[in-house]
Amino acid sequence: MITSPVPPVVPAGHMATMDQPVLALPSGLELRPWRVEDADALVAAAQEPAIRQWNRLVVTSREEARKRIERMRERWENEQSATWAVAPPDGGQAVGLIGWGDIDLSGGSAEIMYWILPAGRGRGAMVEATKRVGQWAFDDLGLHRLRLCHAVANSASCRVAAKAGYSLEGTMRSALLHEDGWHDEHLHALVHGDI
Ligand SMILES: CC(C)(COP(=O)(O)OP(=O)(O)OC[C@H]1O[C@@H](n2cnc3c(N)ncnc32)[C@H](O)[C@@H]1OP(=O)(O)O)[C@@H](O)C(=O)NCCC(=O)NCCS
């Protein structure tokens with residue numbers, strides 16, 4: 001068996017033992033686990049042109065949305081991703097999504113994903129949420145490096161990255177195929193200790 005001389009940044013099994021926390025945002029919104037009752041928000045998101053374009057989200061029915069939401073729990077337990085609903089604190093339906101995908105506990109990294117429905121945009125919610133899940137990823141999960149990638153054409157996402165403190169590290173050419181063709185992507189990252 002080949003073993004590495006470098007220990008894992010976060011031991012396998014650590015995330016699976018953690019409960020997914022509810023995280024409060026300064027504006028009053030909160031980040032909480034998705035519920036099957038949020039299925040309609042996921043269906044609405046998949047119909048919104050900007051989310052469909054930039055997140056490549058396809059959800060065609062409430063049933064499919066419910067299955068996706070159930071899989072979020074499994075993916076937490078399998079230490080693959082950590083996904084929160086952006087929601088009002090009164091128990092109302094989700095208005096957005098944020099989380100970590102491509103989690104690599106051994107290597108200490110993950111990549112952020114997010115969207116918010118049009119009614120919630122332009123109030124700084126996603127900058128707040130990005131900062132909050134970053135704090136969780138460093139302080140609670142123990143990761144070392146967080147990536148934020150977006151199409152160069154997606155200026156709003158670039159502003160979120162900059163305002164949340166993610167340094168622009170470069171442009172990845174023809175990095176992701178969207179409905180209208182290949183797009184260059186900006187690679188931003190935040191390393192533990194940056195802020
Ligand atoms: C990108 C997105 C998540 C930003 O969410 P948000 O809550 O509106 O963001 P914030 O309110 O925190 O604002 C972030 C900044 O983006 C700016 N912004 C918003 N829309 C913009 C646009 N179309 N072009 C340029 N900048 C824009 C805001 O003005 C703000 O910057 P400022 O404070 O310097 O003015 C949201 O627009 C969205 O869900 N878009 C569709 C899906 C998407 O792009 N997902 C990300 C894939 S990488």
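Which residues, taken from segment 101-119, are touching a residue at least 40 places away in the same chain (Cβ under 8 Å) and either closer than 20 Å to residue 163 by Cα or touching a helix residue (DSSP H, G or I) at 6+ places or on another chain (Cβ under 6 Å) (or both)?
Correct list: 113, 114, 115, 117, 118.
Only residues that are within 12 Å of the ligand (Cβ to nearest atom) and either part of a helix (DSSP H, G or I) or buried (at least 22 other Cβ atoms within 10 Å of the Cβ) (or both): list them for segment 133-149, please.
Within segment 133-149, just 148 meets the criteria.
Working only within segment 77-117, note down all residues that are within 14 Å of the ligand (Cβ to nearest atom) and open to solvent by 70 Å² or more (accessible area, probe 1.4 Å).
Hit for segment 77-117 is 102, nothing else.
Say we look at segment 24-56 and pick out the residues that are within 17 Å of residue 119 (Cα to Cα) and near the ligand (Cβ under 9 Å from one of its atoms); which of these is surrounded by the most Cβ atoms within 10 Å (Cβ to Cβ)?
Among those that are within 17 Å of residue 119 (Cα to Cα) and near the ligand (Cβ under 9 Å from one of its atoms), it is 45.
Looking at segment 118-132 only, could you name the residues that are hydrophobic (A, V, I, L, M, F, W, C), surrounded by fewer than 19 Cβ atoms within 10 Å (Cβ to Cβ) and within 8 Å of the ligand (Cβ to nearest atom)?
Result: 127, single match.
Going residue by residue through segment 168-183, is there one that turns out to be near the ligand (Cβ under 9 Å from one of its atoms) and out of contact with any Leu (no Cβ under 6 Å at 6 or more places or on another chain)?
Looking only at segment 168-183, we keep the residues that are near the ligand (Cβ under 9 Å from one of its atoms), and these are none.
No, there is no match, as no residue in segment 168-183 is near the ligand (Cβ under 9 Å from one of its atoms) and out of contact with any Leu (no Cβ under 6 Å at 6 or more places or on another chain).
So which residues in segment 23-35 are closer than 28 Å to residue 56 by Cβ, in contact with an Asp or Glu (Cβ under 7 Å, 6 or more places away or on another chain) and not in a strand (DSSP E or B), if there are any at all?
If the condition is that a residue be closer than 28 Å to residue 56 by Cβ, in contact with an Asp or Glu (Cβ under 7 Å, 6 or more places away or on another chain) and not in a strand (DSSP E or B), then 25, 27 are the ones that fit.
Are any residues in segment 158-195 outside any strand (DSSP E or B), open to solvent by less than 50 Å² (accessible area, probe 1.4 Å) and not aliphatic (A, V, I, L, M), and if so, which ones?
158, 165, 166
Scan segment 16-23 and give yes if some residue there is touching a residue at least 24 places away in the same chain (Cβ under 8 Å), open to solvent by 40 Å² or more (accessible area, probe 1.4 Å) and more than 19 Å from residue 129 (Cα to Cα), otherwise no.
The answer is yes, given that some residue of segment 16-23 is touching a residue at least 24 places away in the same chain (Cβ under 8 Å), open to solvent by 40 Å² or more (accessible area, probe 1.4 Å) and more than 19 Å from residue 129 (Cα to Cα).
Within segment 76-88, track down each residue that is more than 14 Å from residue 38 (Cα to Cα) and touching a residue at least 40 places away in the same chain (Cβ under 8 Å).
Going through segment 76-88, the residues more than 14 Å from residue 38 (Cα to Cα) turn out to be 76-82.
Scanning segment 76-88 gives 76, 77, 78, 79, 82.
If you check every pair at least six apart or on different chains, which have Cβ atoms under 7 Å apart with a residue in segment 41-70 that is in contact (Cβ under 8 Å) with a residue 12 or more places away in the chain first and a residue that is in a helix (DSSP H, G or I) and of a type in the set (Asp, Glu) second?
62/40; 69/38
Do you know which residues across segment 108-132 are part of a helix (DSSP H, G or I), closer than 15 Å to residue 83 by Cα and of a type outside the set (Gly, Ala, Ser)? Lay out the reasoning, then the answer.
The initial filter retains those residues of segment 108-132 that are part of a helix (DSSP H, G or I), namely 118-120, 125-132.
Right, trim to closer than 15 Å to residue 83 by Cα and you get 126, 129-132.
Scanning segment 108-132 gives 126, 130, 131, 132.
The values are calculated or read from the model by the stated rules, or taken from the named source; none is laboratory data. Remember, it's a predicted structure, so these values are computed and weren't measured experimentally. Cβ: placed from backbone, ideal geometry, glycine included. Neighbour counts: every protein chain shown. Remember, those area values only see protein heavy atoms, side chains included, never the ligands or the DNA or RNA. Shrake-Rupley method; radii C 1.70, N 1.55, O 1.52, S 1.80 Å.
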